[in-house]
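One structure is given below, encoded as structure tokens.
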Amino acid sequence: MYILTMKLALRLMRTLFFFYKQIFPLNFLFSLCFTLLGIYLIQDLLLIFIVNFTTFGYALSLFYFELMRKPVYYFYYNLGYSKMHLFGFGALANLLIAIFLYIGNSIFF
């Protein structure tokens, strides 16, 4: 019973990571562009990138995904995920990546 539950949980997590893999490149690209635009305003580039990665880049990548790949949401809805589940998982993954970047920056630099 426990093994079946773990297999189902892993399958569901794999589906969420599949959605995040589609969003991540756009988020990274948009965040990098926003960071390079703000290079002259603030000197701490990693902090600007982290803020852009968790907020503006993520919102813009979701907006782009909403416009260009809207029918894909039916696939996730049939698996039992609403848009809020997908957006929440993406925001949580971005937050974890941002925390690791910030901690890594404070340790190594």
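This model, with +1 at the C-beta of Lys and Arg and -1 at the C-beta of Asp and Glu, gives the chain a dipole about its Cα centre of some 500 debye. Among the trypsin sites (Lys or Arg not before Pro) in the range 1-70, those located in a DSSP loop and surrounded by at most 13 other Cβ atoms within 10 Å of their own Cβ are Arg69.
Please work out the Kirkwood hydrodynamic radius for the range 61-109, using every pair of different C-alpha atoms, and report it in angstroms with one decimal place.
12.6 Å
Of the residues Thr15, Thr35, the one with the fewest other Cβ atoms within 10 Å heads the list, and the complete ranking is Thr15, Thr35.
For the chain, the longest principal axis of the Cα atoms and the long axis of helix 2-37 meet at an angle of about 30 degrees. For the range 17-109, count all C-alpha to C-alpha pairs, find those more than 21 Å apart, and express that count as a whole percent of the total. Beyond 21 Å sits 36 percent of the P(r) for the range 17-109. What angle do you read, to the nearest 10 degrees and between 0 and 90, between the alpha-carbon axis of helix 45-54 and the longest principal axis of the chain? For helix 45-54, the angle is close to 30 degrees.
Here Lys83, Lys70 are placed in order of increasing Cβ neighbour count within 10 Å, fewest first, which gives Lys70, Lys83.
Values quoted throughout were computed directly from the atomic coordinates according to the rules given, and no laboratory measurement underlies them. Since this is a predicted model, take the numbers as computed values, not measurements. Heads up, the Cβs are rebuilt from the backbone with ideal geometry, glycines too, and the neighbour counts pull from every protein chain shown.
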